[in-house]
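Read through the structure below, which is laid out as structure tokens, and then see the notes.
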Amino acid sequence: MQTLRVDVDLGERAYAIHIGAHLLTGVELILPQLDLLKVAIVSNTTVAPLYLQQLADALRARGVEVMSVVLDDGERYKNWSTLNRIYDALLEQRCDRRTTLLALGGGVVGDLAGFAAATYMRGIPFIQIPTTLLAQVDSSIGGKTGINHPLGKNMIGAFYQPRLVLADTEVLKSLPARELSAGIAEVIKHGLVRDAAFFSWLEQNMEDLLAGDPPALAHAVRRCCEIKAAVVAEDERETGVRALLNFGHTFGHAIESGLGYGTWLHGEAVAAGMVMAADLSHRLGLIAQSEVERIIALLRRASLPVAPPDIAPERLLQLMGADKKAEGGKLRFVLLDAIGGASVRGDVPAAPLQQALAFSRPA
């Protein structure tokens, strides 16, 4: 399969996303990005046994000094304690500002490693090598890094761009079905907020994606990367259009916080959150009920939840108040104006919001 390239145009901080099979050991792409032939690979206990050795061996064969730190796997470990394990390893191995940090794993690894790179010695280079669909289409792109706080998800972090993203579609074959579905939630999100034709393509090709069909996965990854790269180039720090990529996340982050991080996968919470946001959009007269039903139908086909867990609406509202998109103490919502188009609104009346929360309650 041909290797695809998508560029993130950020001036002197521009970088390339390479998409294709067998890129994990693509040292010919990694080497030009190294300031020093020394790297620190950050991975986790699930991914490291599968891929860490082959990546390290490929780098060592080209004269690169390699150290690694393997973290516990799971959203509940995206915290200060785990972050300090990365700092400890970098300091113990006397890593300096020219050491490049490689994030080998899913979104949690990428967020932790990226935040460590942004803050260690006030900034060292890093490269994203995402191994989940969710990370390949979303979290590895755009420079959002950070950790969770008990009172809110991703509330502590930094914008810090990688030098390179290597999205190896071959590694997606090792994903459990649940993880693949969670990634598809973010794929669907991209179509909903930015590309109606892509959403229709997903309706026509969902079974191929769930089956891990390589051409279908490569197309989905590429289109999402194109959408996100264009949005990030326009609004790197999320002061405008980039907020649209948070569709479903205000509700979804509240679900994750309310259940306890890691109980639901991020994509599962976002899926339920997108249904709630779509229902609210309908209640405000922005989209038709038939469009809400299209969204629910596609999420169900992807084996994703279409209602939140049993958390009281009052508790969800409380947790949503800690969302980063709140301004002046008021909640702001990403809502659909149509399938393929979204906007941010801060003037949502209390009644339709309460109705949307109540309507979405699990049976």
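Please treat every number below as a calculation from the coordinates, not as lab data. Everything quoted here is computed from the prediction, not taken from an experiment. Virtual Cβ from ideal backbone geometry, glycine too; neighbours counted across all protein chains shown.
Observations
- Taking every DSSP helix (H) stretch of at least 4 residues in the chain, weighting each as -39,500 (n - 2.57) and dividing the sum by the residue count yields a mean residue ellipticity at 222 nm of -13000 deg cm²/dmol.
- Equivalent-ellipsoid semi-axes of the range 177-359, from the Cα gyration tensor, Å, largest first: 25, 18, 16
- Distance between the C-alpha centres of the range 57-103 and the range 201-275: 27 Å, rounded to the whole angstrom.
- Normalised Debye scattering of the range 4-173 at q = 0.16, 0.18, 0.19 Å⁻¹ gives log10 I(q)/I(0) of -0.86, -1.12, -1.27, counting only Cα atoms as equal scatterers and leaving out solvent.
- Computed over the chain, the range of Cα coordinates on each principal axis works out to 62, 41, 37 Å, biggest value leading.
- Positive-end residue, the chain charge dipole about Cα centroid, Cβ charges, pick of Val27, Leu112, His266: Leu112
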